[in-house]
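Beneath this line is the structure, given in structure tokens, with notes to follow.
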Amino acid sequence: MDKIENGRVENTGVCSTPTANGGEDVYSCKGSDASSADHLVIMVHGILGSASDWKFAAEQFVRMLPDKVFVHCSEKNMAALTLDGVDVMGERLSEEVLDVIKRKPDMRKISFVAHSVGGLVARYAIGRLYRPPSKGNPEFSSTNSNAEESKATIAGLEPINFITFATPHLGSRGNKQVPFLFGVPAFEKAAGLFIHWIFRRTGRHLFLTDHVEGKPPLLKRLVEDDGDCHFMSALQAFKRRVAYSNVGYDHIVGWRTSSIRRHNELPKWEDSINEKYPHIVYEERCKACDGEQCDSVLVEDDGLDEIEGEMVTGLSRVSWEKVDVSFHSSRMRFAAHSVIQVKYHYMHTEGADVIQHMIDHFLL
């Protein structure tokens, strides 16, 4: 049974402290472990979500790496605030990360783990927090005086892992990107016209219908450095980038957009034979391609429109580890979008092996 003391919840060696705005810090209850942890893991939920969505994964992180990680489950974009737009949420998240670092000045490294639209929010936030290689960075020198000055940082910390789960990296427009629309072109076109009535600015961003002052849609701008937002430089600064994707039964985010692939790049997969990770059905390490290689890729009739093709090309300029997941034989397969992150442990326990896979491969 959980023990509550002075607002701190203790669960078999894992402590959690609610933060002022509904977030949660998760760390080892053992003082020596907590004091040695120098790797900040920021966990970002999806649309209409909350900090508790990552509760299971956060506790597993600390349970397995008690002296290595300090986990913060994001609080600034919960519930209806997720409808304010990827950019607004990204600004809030970047401010939140800075606040956490001020509270935890001993942090030296940083990683992000994000679900669904939270992956886009995290990509925006790191673009705001990116600091290029330079000697002497007065803004963050007091926060991390031992940071390697010759390398780029995220808020003064060394960027290590950037991990997304079922994130619509290419948006949600057309081409079966939102499976519950059944791939019917008329439904997909209509969704782009009224989605903002339900999901407001966030819906416009996901369906690429935002055009401000002649600028390209926000998701297109996320695959380049845009003014003082160094989106791609920040993404490239991480030692590894990982995209976990549902190959089917995810009725919110399609396989192609979450795995950053063209139609003809979707792999043929078979049932897993790995007892430890029974729902991992395919793994692929994609090397970064340079500008000429990316631009020379020609794909006949792959169904992508020009903007989506440019987003695939842009994101392919950095390396990715792509992990494909299938819950096709699961009793909760129709909730795959939530099972992949174990949103509710009592319902989505079948996704625990995916979380285990993430932690086992987490770079420290």
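Looking at region 15-24, which of its residues are open to solvent by 10 Å² or more (accessible area, probe 1.4 Å) and either in a strand (DSSP E or B) or closer than 13 Å to Val69 by Cβ (or both)?
Passing the criteria: Thr17, Pro18, Glu24.
How about region 104-129: which of its residues are out of contact with any helix residue (DSSP H, G or I) (no Cβ under 9 Å at 6 or more places or on another chain) and either surrounded by 24 or more Cβ atoms within 10 Å (Cβ to Cβ) or free of Cβ contacts under 8 Å to residues at least 12 places away in the same chain (or both)?
Result: Ser111, single match.
Just checking, does region 68-78 include any residue being in a loop (DSSP other than H, G, I, E, B), basic (Lys, Arg) and in contact with a strand residue (DSSP E or B) (Cβ under 6 Å, 6 or more places away or on another chain)?
yes
Are any of the residues in region 192-202 under 21 Å from the mean Cα position of the chain (by Cα), modelled with pLDDT of 60 or more and over 25 Å from Glu95 (Cβ atoms)?
no
Mind listing whichever residues of region 210-257 are at pLDDT 95 or above and of a type in the set (Gly, Ala, Ser)?
Ser233, Ala234, Ala237, Ala243, Ser245
Would you please name the residue that is surrounded by the most Cβ atoms within 10 Å (Cβ to Cβ), looking only at residues in region 308-324 that are within 30 Å of Gln356 (Cβ to Cβ) and small (Gly, Ala, Ser)?
Filtering region 308-324 for residues that are within 30 Å of Gln356 (Cβ to Cβ) and small (Gly, Ala, Ser), the one surrounded by the most Cβ atoms within 10 Å (Cβ to Cβ) comes out as Ser316.
Taking the residues in region 340-364 that are farther than 20 Å from Ser50 by Cβ and outside any helix (DSSP H, G or I) as candidates, determine which candidate is least open to solvent (accessible area, probe 1.4 Å).
Per the stated criteria, the residue is Phe362.
Can we say Leu181 is touching a helix residue (DSSP H, G or I) at 6+ places or on another chain (Cβ under 6 Å) and either at pLDDT below 95 or of a type in the set (Asp, Glu) (or both)? Write out each step before concluding.
Numbers: touching a helix residue (DSSP H, G or I) at 6+ places or on another chain (Cβ under 6 Å): yes; either at pLDDT below 95 or of a type in the set (Asp, Glu) (or both): yes.
For Leu181, the condition - touching a helix residue (DSSP H, G or I) at 6+ places or on another chain (Cβ under 6 Å) and either at pLDDT below 95 or of a type in the set (Asp, Glu) (or both) - is met.
Just the residues that are assigned to a strand (DSSP E or B) and either within 12 Å of Pro159 (Cα to Cα) or polar (S, T, N, Q) (or both), please, taken from region 114-133. So that I can check it myself, show each step before the final result.
At the first step, the residues of region 114-133 found to be assigned to a strand (DSSP E or B) are 114-115, 130-131.
Tyr130, Arg131, listed by residue number.
Listed here are the residues, each with its yes/no results for (1) more than 20 Å from the chain's Cα centre (by Cα); (2) crowded, with 18+ Cβ neighbours inside 10 Å; (3) of a type outside the set (Gly, Ala, Ser); (4) at pLDDT 95 or above.
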residue: Val9; (1), (2), (3), (4): yes, no, yes, no
residue: Gly13; (1), (2), (3), (4): yes, no, no, no
residue: Val44; (1), (2), (3), (4): no, yes, yes, yes
residue: Ser50; (1), (2), (3), (4): no, yes, no, yes
residue: Trp54; (1), (2), (3), (4): no, yes, yes, yes
residue: Phe61; (1), (2), (3), (4): no, yes, yes, yes
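Let me spell it out: the conditions are (1) open to solvent by less than 30 Å² (accessible area, probe 1.4 Å); (2) within 21 Å of the chain's Cα centre (by Cα), and Gln236 meets all of them except one. Which number is the exception?
Of everything listed in (1) open to solvent by less than 30 Å² (accessible area, probe 1.4 Å); (2) within 21 Å of the chain's Cα centre (by Cα), Gln236 misses just condition (1).
When region 205-223 is examined, which residues are found to be surrounded by 15 or more Cβ atoms within 10 Å (Cβ to Cβ) and either free of Cβ contacts under 8 Å to residues at least 60 places away in the same chain or assigned to a loop (DSSP other than H, G, I, E, B) (or both)?
Once the filter is applied, which keeps residues that are surrounded by 15 or more Cβ atoms within 10 Å (Cβ to Cβ) and either free of Cβ contacts under 8 Å to residues at least 60 places away in the same chain or assigned to a loop (DSSP other than H, G, I, E, B) (or both), region 205-223 yields Phe207, Leu208, Thr209, Asp210, Pro216, Pro217, Arg221, Leu222, Val223.
Under 8 Å by Cβ, and 6 or more places apart or on different chains, what pairs join a residue from region 70-91 that is touching a residue at least 60 places away in the same chain (Cβ under 8 Å) with one that is among the small types (Gly, Ala, Ser) and open to solvent by less than 10 Å² (accessible area, probe 1.4 Å)?
Once the first residue is touching a residue at least 60 places away in the same chain (Cβ under 8 Å) and sits in region 70-91, its partners that are among the small types (Gly, Ala, Ser) and open to solvent by less than 10 Å² (accessible area, probe 1.4 Å) give Thr82/Gly46; Thr82/Gly49; Leu83/Gly203.
Need the failing condition index for Glu158 against (1) modelled with pLDDT of 95 or more; (2) of a type in the set (Asp, Glu); (3) farther than 16 Å from Ala234 by Cα; (4) open to solvent by 40 Å² or more (accessible area, probe 1.4 Å), just the number.
Just one mismatch for Glu158, condition (3).
The values are calculated or read from the model by the stated rules, or taken from the named source; none is laboratory data. These figures come from a predicted structure and were not determined experimentally. Here the Cβ is made from the backbone with ideal geometry for all residues, glycine too, and neighbour counts use every protein chain on show. Accessible surface is based on the protein model in full, side chains and every heavy atom, while ligands, DNA and RNA are left aside. Shrake-Rupley method; radii C 1.70, N 1.55, O 1.52, S 1.80 Å.
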